Amino acid sequence: MPVPSTAVVIGCSTGGLQALSTVLAGLRGDLGAPVIVVCHRGQDDDGALLVELLARASALPVREAGERQPVEAGVVHVAPPGYHLLIDAGGCFMLSADPRVRHVRPSVDVLFEAAADVYGDGLLAVVLTGANDDGADGLAAVRRAGGYALVQEPAEAIAPQMPLAALERAGADAVAGLASLATRINDRCP
Amino acid sequence: MPLSRPAADDIELELFIQALQLRHGYDFSGYARASLKRRVQAVAAARQCRTIGELTTRVVHDDGLLPAVIAGLSVPVSEMFRNPSVFKALAAEVLPVLASYPHINIWQAGCARGEEVYTLAILLEEAGLYARCQIYATDFNDAALAQAQEGIFPLAEARTWSANYLAAGGQHSLSDYWHARYEHLKLDERLKRNITFANHNLVADGVFCEAQLILCRNVLIYFTNALQDRVLGLFRDSLVRGGYLVLGNKESIAFAPSAAEFTELDAQARIYRLGAAA
Ligand SMILES: C[S@@+](CC[C@H](N)C(=O)[O-])C[C@H]1O[C@@H](n2cnc3c(N)ncnc32)[C@H](O)[C@@H]1O
(Lines give C-alpha, C1' and ligand atoms only; values in the text may rest on other atoms or scores of the structure.)
Protein backbone atom coordinates (compact mmCIF):
# COMPACT_ATOMS: atom_id res chain seq x y z
CA MET A 1 0.00 0.00 0.00
CA PRO A 2 1.53 3.36 -0.99
CA VAL A 3 2.04 5.84 1.83
CA PRO A 4 -0.40 8.74 1.24
CA SER A 5 1.37 12.02 0.47
CA THR A 6 -1.40 14.15 1.90
CA ALA A 7 -3.00 13.84 5.31
CA VAL A 8 -5.56 15.66 7.42
CA VAL A 9 -5.11 15.96 11.18
CA ILE A 10 -7.84 17.34 13.43
CA GLY A 11 -7.62 18.34 17.08
CA CYS A 12 -10.47 19.18 19.43
CA SER A 13 -11.61 19.05 23.03
CA THR A 14 -14.72 20.40 24.76
CA GLY A 15 -17.58 20.37 22.24
CA GLY A 16 -15.47 18.23 19.95
CA LEU A 17 -17.90 15.39 19.37
CA GLN A 18 -20.52 17.70 17.92
CA ALA A 19 -18.04 19.69 15.82
CA LEU A 20 -16.32 16.56 14.53
CA SER A 21 -19.63 14.99 13.60
CA THR A 22 -20.46 17.97 11.42
CA VAL A 23 -17.06 18.01 9.74
CA LEU A 24 -16.89 14.26 9.13
CA ALA A 25 -20.45 14.23 7.74
CA GLY A 26 -19.40 16.70 5.06
CA LEU A 27 -16.29 14.89 3.80
CA ARG A 28 -16.25 13.36 0.33
CA GLY A 29 -16.84 9.62 0.35
CA ASP A 30 -13.88 9.21 -2.02
CA LEU A 31 -11.45 11.38 -0.07
CA GLY A 32 -7.92 10.40 -1.11
CA ALA A 33 -6.27 11.30 2.19
CA PRO A 34 -6.30 9.85 5.70
CA VAL A 35 -8.03 11.83 8.47
CA ILE A 36 -6.42 11.51 11.89
CA VAL A 37 -8.26 12.78 14.95
CA VAL A 38 -7.33 13.60 18.54
CA CYS A 39 -10.31 14.43 20.76
CA HIS A 40 -9.77 14.75 24.52
CA ARG A 41 -12.19 12.87 26.75
CA GLY A 42 -12.67 11.17 30.09
CA GLN A 43 -10.14 8.69 31.40
CA ASP A 44 -12.15 5.53 31.93
CA ASP A 45 -13.62 5.52 28.43
CA ASP A 46 -12.06 2.68 26.44
CA GLY A 47 -12.44 4.62 23.22
CA ALA A 48 -15.03 2.40 21.57
CA LEU A 49 -17.91 4.79 22.24
CA LEU A 50 -16.35 7.79 20.53
CA VAL A 51 -15.48 5.70 17.47
CA GLU A 52 -19.06 4.43 17.32
CA LEU A 53 -20.62 7.88 17.65
CA LEU A 54 -18.34 9.36 15.00
CA ALA A 55 -18.94 6.42 12.66
CA ARG A 56 -22.66 7.20 12.76
CA ALA A 57 -22.03 10.72 11.49
CA SER A 58 -19.10 10.15 9.15
CA ALA A 59 -19.17 9.66 5.42
CA LEU A 60 -15.91 7.68 5.74
CA PRO A 61 -15.17 4.57 7.81
CA VAL A 62 -14.02 5.43 11.35
CA ARG A 63 -11.54 3.26 13.25
CA GLU A 64 -9.34 3.53 16.31
CA ALA A 65 -5.75 4.20 15.23
CA GLY A 66 -3.97 0.91 15.87
CA GLU A 67 -0.41 0.63 17.14
CA ARG A 68 1.93 -0.10 14.13
CA GLN A 69 -1.02 -0.09 11.68
CA PRO A 70 -0.64 1.81 8.41
CA VAL A 71 -2.23 5.23 8.05
CA GLU A 72 -4.85 4.67 5.34
CA ALA A 73 -6.33 7.14 2.88
CA GLY A 74 -10.11 7.40 3.00
CA VAL A 75 -10.26 6.31 6.66
CA VAL A 76 -10.87 8.40 9.78
CA HIS A 77 -8.41 7.21 12.45
CA VAL A 78 -9.19 8.18 16.06
CA ALA A 79 -6.47 8.33 18.74
CA PRO A 80 -7.07 5.76 21.52
CA PRO A 81 -7.53 7.18 25.04
CA GLY A 82 -4.57 7.26 27.41
CA TYR A 83 -1.79 7.28 24.80
CA HIS A 84 -0.16 9.88 22.61
CA LEU A 85 -0.55 9.16 18.91
CA LEU A 86 2.43 9.60 16.59
CA ILE A 87 3.26 8.58 13.03
CA ASP A 88 6.58 7.09 11.98
CA ALA A 89 8.53 7.80 8.81
CA GLY A 90 7.10 4.66 7.20
CA GLY A 91 3.54 5.96 7.58
CA CYS A 92 2.46 3.74 10.50
CA PHE A 93 0.86 4.76 13.78
CA MET A 94 2.99 4.65 16.93
CA LEU A 95 1.64 5.07 20.45
CA SER A 96 3.50 6.40 23.44
CA ALA A 97 2.74 6.36 27.17
CA ASP A 98 4.85 9.48 27.75
CA PRO A 99 3.67 12.00 30.33
CA ARG A 100 0.70 14.19 29.59
CA VAL A 101 1.56 17.28 27.58
CA ARG A 102 -0.28 20.37 28.89
CA HIS A 103 -2.34 18.05 31.11
CA VAL A 104 -3.64 15.88 28.27
CA ARG A 105 -2.91 12.55 26.66
CA PRO A 106 -3.50 12.09 23.79
CA SER A 107 -2.16 15.53 22.97
CA VAL A 108 -3.01 17.40 19.79
CA ASP A 109 0.45 19.02 19.87
CA VAL A 110 2.18 15.61 19.84
CA LEU A 111 0.11 14.35 16.89
CA PHE A 112 0.51 17.58 14.89
CA GLU A 113 4.28 17.71 15.44
CA ALA A 114 4.80 14.07 14.49
CA ALA A 115 2.57 14.43 11.42
CA ALA A 116 4.36 17.63 10.36
CA ASP A 117 7.62 15.67 10.42
CA VAL A 118 6.26 12.98 8.13
CA TYR A 119 3.95 14.86 5.75
CA GLY A 120 5.60 18.30 5.64
CA ASP A 121 3.76 20.51 3.16
CA GLY A 122 1.30 17.70 2.41
CA LEU A 123 -0.34 18.16 5.79
CA LEU A 124 -3.63 19.93 6.45
CA ALA A 125 -4.19 20.60 10.16
CA VAL A 126 -7.51 21.63 11.66
CA VAL A 127 -8.09 23.07 15.15
CA LEU A 128 -11.66 22.91 16.42
CA THR A 129 -13.45 23.85 19.63
CA GLY A 130 -11.78 23.21 22.99
CA ALA A 131 -11.33 24.71 26.46
CA ASN A 132 -7.52 24.69 26.60
CA ASP A 133 -4.55 25.66 24.45
CA ASP A 134 -3.56 22.22 23.17
CA GLY A 135 -2.86 22.28 19.44
CA ALA A 136 -1.43 25.80 19.27
CA ASP A 137 2.23 24.77 19.36
CA GLY A 138 1.47 21.81 17.13
CA LEU A 139 -0.15 24.06 14.57
CA ALA A 140 2.91 26.29 14.61
CA ALA A 141 5.07 23.22 13.85
CA VAL A 142 2.74 22.28 10.99
CA ARG A 143 3.15 25.74 9.46
CA ARG A 144 6.93 25.70 9.91
CA ALA A 145 7.01 22.46 7.92
CA GLY A 146 4.96 24.07 5.13
CA GLY A 147 1.60 22.53 6.03
CA TYR A 148 -1.78 24.24 5.76
CA ALA A 149 -3.52 25.49 8.93
CA LEU A 150 -7.30 25.69 9.18
CA VAL A 151 -8.96 26.98 12.37
CA GLN A 152 -12.61 26.96 13.38
CA GLU A 153 -14.08 30.46 13.73
CA PRO A 154 -13.68 31.00 17.52
CA ALA A 155 -16.88 33.06 17.79
CA GLU A 156 -19.00 30.04 16.90
CA ALA A 157 -17.02 27.38 18.77
CA ILE A 158 -18.65 25.85 21.86
CA ALA A 159 -15.32 26.50 23.63
CA PRO A 160 -13.33 29.21 21.85
CA GLN A 161 -10.02 28.91 23.80
CA MET A 162 -8.42 26.28 21.61
CA PRO A 163 -9.01 28.05 18.27
CA LEU A 164 -8.07 31.37 19.88
CA ALA A 165 -4.80 30.02 21.27
CA ALA A 166 -4.00 28.48 17.88
CA LEU A 167 -4.58 31.79 16.10
CA GLU A 168 -2.54 33.67 18.66
CA ARG A 169 0.48 31.37 18.61
CA ALA A 170 0.44 29.90 15.11
CA GLY A 171 -1.92 31.95 12.99
CA ALA A 172 -3.82 30.21 10.21
CA ASP A 173 -4.09 29.99 6.46
CA ALA A 174 -7.86 30.13 6.86
CA VAL A 175 -10.45 30.63 9.59
CA ALA A 176 -13.84 29.16 8.80
CA GLY A 177 -17.22 28.32 10.27
CA LEU A 178 -18.14 24.74 11.00
CA ALA A 179 -20.50 24.64 8.03
CA SER A 180 -17.74 25.26 5.51
CA LEU A 181 -14.81 23.36 7.06
CA ALA A 182 -15.57 20.06 5.32
CA THR A 183 -15.75 21.73 1.91
CA ARG A 184 -12.39 23.35 2.49
CA ILE A 185 -10.86 20.01 3.47
CA ASN A 186 -12.45 18.30 0.45
CA ASP A 187 -11.06 20.96 -1.89
CA ARG A 188 -7.50 20.59 -0.66
CA CYS A 189 -7.35 16.78 -0.74
CA PRO A 190 -6.82 14.41 -3.65
CA MET B 1 5.09 11.57 1.44
CA PRO B 2 7.91 10.75 3.81
CA LEU B 3 10.57 13.23 2.74
CA SER B 4 13.04 11.59 0.39
CA ARG B 5 16.07 13.30 1.95
CA PRO B 6 16.47 12.74 5.70
CA ALA B 7 15.83 15.91 7.69
CA ALA B 8 18.73 17.43 9.63
CA ASP B 9 17.27 16.56 13.03
CA ASP B 10 16.72 12.94 12.00
CA ILE B 11 20.39 12.67 11.05
CA GLU B 12 21.34 14.25 14.36
CA LEU B 13 19.17 11.71 16.16
CA GLU B 14 20.99 8.80 14.49
CA LEU B 15 24.37 10.32 15.39
CA PHE B 16 23.23 10.77 18.99
CA ILE B 17 22.21 7.10 19.16
CA GLN B 18 25.62 6.07 17.77
CA ALA B 19 27.47 8.29 20.22
CA LEU B 20 25.62 6.87 23.24
CA GLN B 21 26.45 3.38 22.04
CA LEU B 22 30.11 4.05 21.27
CA ARG B 23 30.89 6.11 24.31
CA HIS B 24 28.63 4.61 26.97
CA GLY B 25 27.52 1.20 25.65
CA TYR B 26 23.81 2.05 25.81
CA ASP B 27 22.05 0.86 22.68
CA PHE B 28 18.93 2.81 21.72
CA SER B 29 19.05 1.78 18.06
CA GLY B 30 16.07 -0.51 18.63
CA TYR B 31 13.81 2.29 19.89
CA ALA B 32 10.96 3.58 17.73
CA ARG B 33 12.20 6.88 16.33
CA ALA B 34 9.04 8.99 16.47
CA SER B 35 8.73 8.82 20.27
CA LEU B 36 12.50 8.63 20.94
CA LYS B 37 13.03 11.85 19.02
CA ARG B 38 10.60 13.75 21.23
CA ARG B 39 12.37 12.58 24.36
CA VAL B 40 15.88 13.31 23.08
CA GLN B 41 14.67 16.79 22.08
CA ALA B 42 13.24 17.25 25.58
CA VAL B 43 16.55 16.23 27.20
CA ALA B 44 18.40 18.60 24.87
CA ALA B 45 16.06 21.48 25.71
CA ALA B 46 16.39 20.81 29.46
CA ARG B 47 20.19 21.09 29.08
CA GLN B 48 19.93 24.34 27.12
CA CYS B 49 21.05 22.64 23.90
CA ARG B 50 19.51 24.15 20.77
CA THR B 51 19.92 20.97 18.73
CA ILE B 52 20.33 17.24 19.32
CA GLY B 53 23.80 17.69 17.85
CA GLU B 54 24.81 19.95 20.74
CA LEU B 55 23.57 17.37 23.21
CA THR B 56 25.62 14.68 21.44
CA THR B 57 28.79 16.70 21.93
CA ARG B 58 28.07 17.11 25.64
CA VAL B 59 27.22 13.44 26.12
CA VAL B 60 30.48 12.39 24.48
CA HIS B 61 32.65 14.68 26.59
CA ASP B 62 30.86 14.67 29.94
CA ASP B 63 30.40 11.20 31.47
CA GLY B 64 28.60 12.77 34.41
CA LEU B 65 25.68 13.59 32.15
CA LEU B 66 24.81 9.95 31.44
CA PRO B 67 22.46 9.19 34.36
CA ALA B 68 20.37 12.27 33.58
CA VAL B 69 20.22 11.31 29.92
CA ILE B 70 19.11 7.76 30.68
CA ALA B 71 16.53 9.07 33.15
CA GLY B 72 15.32 11.49 30.48
CA LEU B 73 15.01 8.81 27.81
CA SER B 74 13.21 6.42 30.13
CA VAL B 75 9.52 7.10 30.66
CA PRO B 76 8.72 6.15 34.24
CA VAL B 77 5.07 7.09 33.93
CA SER B 78 2.61 4.79 35.63
CA GLU B 79 -0.32 4.45 38.02
CA MET B 80 -1.46 1.96 40.61
CA PHE B 81 -4.13 -0.31 39.09
CA ARG B 82 -3.77 1.47 35.73
CA ASN B 83 -6.50 -0.01 33.48
CA PRO B 84 -8.46 -1.64 36.34
CA SER B 85 -10.13 -4.21 34.09
CA VAL B 86 -6.72 -5.79 33.42
CA PHE B 87 -6.19 -6.52 37.11
CA LYS B 88 -9.72 -7.82 37.41
CA ALA B 89 -9.00 -10.18 34.54
CA LEU B 90 -5.69 -11.25 36.11
CA ALA B 91 -7.46 -12.09 39.36
CA ALA B 92 -10.20 -14.01 37.57
CA GLU B 93 -8.28 -15.84 34.85
CA VAL B 94 -4.63 -16.13 35.88
CA LEU B 95 -4.32 -16.21 39.68
CA PRO B 96 -6.47 -19.35 40.09
CA VAL B 97 -4.01 -21.22 37.85
CA LEU B 98 -0.97 -19.75 39.60
CA ALA B 99 -2.48 -20.99 42.86
CA SER B 100 -1.67 -24.55 41.76
CA TYR B 101 2.08 -23.86 42.09
CA PRO B 102 3.77 -24.24 45.49
CA HIS B 103 6.09 -21.37 44.61
CA ILE B 104 5.26 -18.59 42.17
CA ASN B 105 7.84 -16.49 40.30
CA ILE B 106 6.69 -13.25 38.71
CA TRP B 107 8.76 -10.88 36.59
CA GLN B 108 7.56 -7.36 36.12
CA ALA B 109 9.69 -5.77 33.40
CA GLY B 110 9.73 -1.98 33.10
CA CYS B 111 8.53 -1.30 36.65
CA ALA B 112 9.04 2.49 36.51
CA ARG B 113 8.66 3.89 40.06
CA GLY B 114 6.97 0.74 41.30
CA GLU B 115 3.30 1.66 40.97
CA GLU B 116 2.51 -1.55 39.13
CA VAL B 117 4.56 -3.93 41.22
CA TYR B 118 2.87 -2.72 44.42
CA THR B 119 -0.42 -3.17 42.59
CA LEU B 120 0.53 -6.79 41.95
CA ALA B 121 1.57 -7.31 45.56
CA ILE B 122 -1.84 -6.08 46.76
CA LEU B 123 -3.67 -8.19 44.20
CA LEU B 124 -1.76 -11.30 45.30
CA GLU B 125 -2.21 -10.46 48.97
CA GLU B 126 -5.97 -10.24 48.53
CA ALA B 127 -5.98 -13.53 46.61
CA GLY B 128 -4.13 -15.17 49.52
CA LEU B 129 -1.14 -16.01 47.32
CA TYR B 130 1.46 -13.43 48.18
CA ALA B 131 3.26 -15.51 50.81
CA ARG B 132 4.18 -17.98 48.04
CA CYS B 133 5.34 -15.37 45.53
CA GLN B 134 8.69 -13.94 44.53
CA ILE B 135 8.37 -10.85 42.34
CA TYR B 136 11.31 -9.50 40.35
CA ALA B 137 10.69 -5.87 39.43
CA THR B 138 13.20 -4.62 36.88
CA ASP B 139 13.92 -1.45 34.93
CA PHE B 140 17.00 0.11 33.32
CA ASN B 141 16.45 3.47 35.02
CA ASP B 142 18.33 3.45 38.36
CA ALA B 143 16.72 6.66 39.59
CA ALA B 144 13.25 5.20 39.07
CA LEU B 145 14.29 1.92 40.73
CA ALA B 146 15.53 3.78 43.80
CA GLN B 147 12.17 5.53 44.08
CA ALA B 148 10.33 2.25 43.54
CA GLN B 149 12.27 0.75 46.43
CA GLU B 150 11.14 3.61 48.67
CA GLY B 151 7.47 3.27 47.82
CA ILE B 152 6.67 6.94 48.45
CA PHE B 153 4.32 8.77 46.09
CA PRO B 154 2.57 12.15 45.90
CA LEU B 155 -0.68 12.16 47.83
CA ALA B 156 -2.28 13.86 44.85
CA GLU B 157 -2.41 10.42 43.16
CA ALA B 158 -4.51 8.90 45.93
CA ARG B 159 -7.91 9.65 44.47
CA THR B 160 -7.30 8.20 41.01
CA TRP B 161 -5.50 5.18 42.40
CA SER B 162 -8.23 4.45 44.95
CA ALA B 163 -10.89 4.64 42.26
CA ASN B 164 -8.80 2.32 40.04
CA TYR B 165 -8.44 -0.15 42.90
CA LEU B 166 -12.18 -0.32 43.51
CA ALA B 167 -12.89 -0.64 39.79
CA ALA B 168 -10.45 -3.56 39.73
CA GLY B 169 -12.48 -5.34 42.38
CA GLY B 170 -10.36 -4.42 45.42
CA GLN B 171 -11.78 -5.83 48.64
CA HIS B 172 -10.85 -3.07 51.06
CA SER B 173 -9.83 0.53 50.64
CA LEU B 174 -6.53 1.22 48.93
CA SER B 175 -5.67 3.65 51.73
CA ASP B 176 -5.45 0.62 54.06
CA TYR B 177 -2.11 -0.03 52.35
CA TRP B 178 -0.46 3.32 52.97
CA HIS B 179 0.24 6.02 55.53
CA ALA B 180 -0.33 9.58 54.37
CA ARG B 181 2.03 12.24 55.63
CA TYR B 182 3.04 15.71 54.36
CA GLU B 183 1.47 15.49 50.91
CA HIS B 184 2.95 12.03 50.41
CA LEU B 185 1.78 8.50 50.83
CA LYS B 186 4.11 5.75 51.96
CA LEU B 187 3.14 2.21 51.06
CA ASP B 188 3.10 -0.46 53.75
CA GLU B 189 6.60 -1.95 54.17
CA ARG B 190 5.09 -5.42 54.26
CA LEU B 191 4.17 -5.14 50.59
CA LYS B 192 7.88 -5.19 49.79
CA ARG B 193 8.68 -8.39 51.58
CA ASN B 194 8.65 -10.58 48.45
CA ILE B 195 9.77 -8.02 45.89
CA THR B 196 13.33 -7.84 44.54
CA PHE B 197 14.14 -4.65 42.64
CA ALA B 198 16.96 -4.95 40.09
CA ASN B 199 18.46 -3.18 37.13
CA HIS B 200 17.83 -5.18 33.96
CA ASN B 201 18.09 -3.75 30.46
CA LEU B 202 15.76 -5.53 28.06
CA VAL B 203 18.01 -4.56 25.17
CA ALA B 204 21.21 -6.05 26.55
CA ASP B 205 20.51 -8.45 29.43
CA GLY B 206 19.31 -12.03 29.32
CA VAL B 207 17.24 -14.62 31.15
CA PHE B 208 17.60 -14.60 34.96
CA CYS B 209 14.58 -16.53 36.26
CA GLU B 210 11.91 -19.04 35.40
CA ALA B 211 8.59 -17.28 35.79
CA GLN B 212 4.96 -18.31 35.77
CA LEU B 213 3.88 -14.76 34.96
CA ILE B 214 5.55 -11.83 33.21
CA LEU B 215 4.03 -8.36 33.16
CA CYS B 216 5.55 -5.96 30.68
CA ARG B 217 3.08 -3.19 30.03
CA ASN B 218 3.73 -0.11 27.94
CA VAL B 219 7.39 -0.84 27.34
CA LEU B 220 7.34 -2.67 23.99
CA ILE B 221 5.53 0.29 22.40
CA TYR B 222 8.84 2.14 22.62
CA PHE B 223 10.69 -0.53 20.62
CA THR B 224 10.97 -1.19 16.88
CA ASN B 225 9.38 -4.38 15.57
CA ALA B 226 12.80 -6.08 15.49
CA LEU B 227 13.57 -5.29 19.14
CA GLN B 228 10.03 -6.27 20.17
CA ASP B 229 10.67 -9.65 18.62
CA ARG B 230 13.96 -10.08 20.49
CA VAL B 231 12.37 -9.16 23.81
CA LEU B 232 9.41 -11.48 23.22
CA GLY B 233 11.97 -14.23 22.66
CA LEU B 234 13.51 -13.34 26.01
CA PHE B 235 10.09 -13.58 27.67
CA ARG B 236 9.46 -16.95 26.02
CA ASP B 237 12.77 -18.26 27.36
CA SER B 238 11.97 -16.93 30.84
CA LEU B 239 8.47 -18.45 31.10
CA VAL B 240 7.49 -21.93 32.16
CA ARG B 241 5.38 -23.81 29.60
CA GLY B 242 1.85 -22.46 29.93
CA GLY B 243 3.19 -19.31 31.63
CA TYR B 244 1.41 -15.99 31.22
CA LEU B 245 2.47 -12.74 29.57
CA VAL B 246 0.57 -9.48 30.11
CA LEU B 247 1.15 -6.50 27.80
CA GLY B 248 -0.15 -2.91 27.72
CA ASN B 249 -3.73 -2.23 26.70
CA LYS B 250 -3.06 -1.00 23.19
CA GLU B 251 0.07 -2.98 22.45
CA SER B 252 0.24 -5.29 19.50
CA ILE B 253 2.72 -8.10 18.99
CA ALA B 254 1.24 -9.15 15.67
CA PHE B 255 4.39 -8.08 13.82
CA ALA B 256 6.83 -10.17 15.87
CA PRO B 257 7.55 -13.72 14.64
CA SER B 258 8.09 -14.82 18.27
CA ALA B 259 4.44 -13.94 18.96
CA ALA B 260 3.45 -17.14 17.17
CA GLU B 261 4.44 -19.11 20.27
CA PHE B 262 1.94 -17.26 22.44
CA THR B 263 -1.80 -17.90 22.51
CA GLU B 264 -4.10 -14.97 23.17
CA LEU B 265 -6.10 -15.64 26.32
CA ASP B 266 -7.85 -12.30 26.81
CA ALA B 267 -7.70 -9.85 23.91
CA GLN B 268 -9.04 -6.89 25.91
CA ALA B 269 -6.66 -7.32 28.83
CA ARG B 270 -3.77 -8.35 26.53
CA ILE B 271 -3.10 -11.57 28.41
CA TYR B 272 -1.17 -14.25 26.48
CA ARG B 273 -0.13 -17.78 27.33
CA LEU B 274 3.01 -19.55 26.19
CA GLY B 275 2.24 -22.54 24.00
CA ALA B 276 -1.18 -23.96 23.14
CA ALA B 277 -3.86 -23.77 25.81
CA ALA B 278 -3.08 -26.47 28.37
C1 LIG C 1 5.66 3.89 30.45
S2 LIG C 1 6.62 3.02 31.65
C3 LIG C 1 5.56 1.65 32.00
C4 LIG C 1 5.26 1.48 33.47
C5 LIG C 1 4.24 0.41 33.81
N6 LIG C 1 4.65 -0.89 33.33
C7 LIG C 1 2.88 0.79 33.31
O8 LIG C 1 2.44 0.28 32.28
O9 LIG C 1 2.23 1.61 33.94
C10 LIG C 1 7.95 2.35 30.69
C11 LIG C 1 9.13 1.86 31.52
O12 LIG C 1 9.97 1.04 30.69
C13 LIG C 1 11.31 1.24 31.05
N14 LIG C 1 12.21 0.83 29.95
C15 LIG C 1 12.37 1.42 28.75
N16 LIG C 1 13.34 0.80 28.05
C17 LIG C 1 13.80 -0.21 28.84
C18 LIG C 1 14.81 -1.19 28.68
N19 LIG C 1 15.54 -1.27 27.57
N20 LIG C 1 15.00 -2.08 29.68
C21 LIG C 1 14.26 -2.01 30.82
N22 LIG C 1 13.30 -1.10 31.04
C23 LIG C 1 13.07 -0.20 30.05
C24 LIG C 1 11.36 2.72 31.35
O25 LIG C 1 12.49 3.03 32.15
C26 LIG C 1 10.02 2.97 32.05
O27 LIG C 1 10.14 2.88 33.44
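Things to note:
- Percent carbon-and-sulfur accessible area, chain A, ignoring ligands, DNA and RNA, probe 1.4 Å: 51
- Solvent-accessible surface (1.4 angstrom probe) belonging to B:Leu265, in square angstrom, nearest 10: 80
- Chain B: angle of helix B:33-46 to the longest principal axis, Cα-based, in degrees nearest 10: 70
- GluC sites (Glu not before Pro), loop per DSSP, at most 12 other Cβ atoms within 10 Å - longest free stretch of chain B: B:1-182
- Chain B packed on chain A takes about 2200 Å² of accessible surface away from a 1.4 Å probe, both sides summed.
- Shown here for the stretch A:1-96: GluC sites (Glu not before Pro) in loop regions (DSSP other than H, G, I, E, B) with at most 10 other Cβ atoms within 10 Å, of which there are none.
- Neighbouring Cβ atoms from other chains, within 10 Å of the Cβ of residues in B:218-225, number 3 on average.
- Secondary structure note: in chain A, about 20% of the DSSP beta bridges are antiparallel.
- DSSP-defined beta bridges in the protein assembly as shown - what % are antiparallel, rounded to 5: 35
- Hull shadow area, averaged, chain B [alpha-carbon convex hull, nm²]: 16.1
- For the protein assembly as shown, the solvent-accessible area of protein heavy atoms averages 40 Å² per residue (probe radius 1.4 Å; ligands and nucleic acids excluded).
- C-alpha long axis of helix B:52-61 to longest principal axis of chain B, angle in °: 80
- J(HN,Hα) series, the stretch A:69-85, from Karplus relation 6.51 cos²θ - 1.76 cosθ + 1.60, nearest Hz, glycine and proline x: 7, x, 6, 10, 5, x, 10, 8, 9, 10, 4, x, x, x, 10, 7, 10
- Each Lys or Arg adds one and each Asp or Glu subtracts one; over the other residues with Cβ under 14 Å from the Cβ of B:Ala127, this totals -1.
- Calculated [222 nm] ellipticity per residue, helices only, for the protein assembly as shown: -10500 deg cm²/dmol; basis is -39500 (n - 2.57) per DSSP H run with n ≥ 4, divided by all residues, nearest 500.
- Hull volume per residue, based on the alpha-carbon atoms of the stretch B:119-278 and their convex hull, is 130 Å³.
- DSSP bridge orientation in the stretch A:1-94 - percent antiparallel, rounded to nearest 5: 20
- Accessible area of B:Lys250 in the full protein assembly, 1.4 Å probe (Å², nearest 10): 40
- Note on A:91-101: average number of Cβ atoms from other chains within 10 Å of each residue's Cβ is 6.
- The chymotrypsin sites (Phe, Trp or Tyr not before Pro) of the stretch B:118-226 that DSSP puts in a loop, and whose beta carbon has at most 14 other beta carbons within 10 Å, are B:Tyr182, B:Phe208.
- What a 1.4 Å probe finds exposed on chain B is 53% carbon and sulfur by accessible area, rounded to a whole percent.
- Listed pairs B:Lys88/B:Lys186; B:Lys37/B:Lys192; B:Lys88/B:Lys192 exceeding 26 Å between Cα atoms: B:Lys37/B:Lys192
The values are calculated or read from the model by the stated rules, or taken from the named source; none is laboratory data. Just so we're clear, the structure is a prediction, and the values are computed from it rather than from any experiment. No Cβ is skipped: glycine too gets one built from the backbone with ideal geometry, and neighbour counts run over all protein chains shown. Quick note on the areas: whole protein, heavy atoms, side chains included, nothing else; ligands and nucleic acids left out. Shrake-Rupley method; radii C 1.70, N 1.55, O 1.52, S 1.80 Å.
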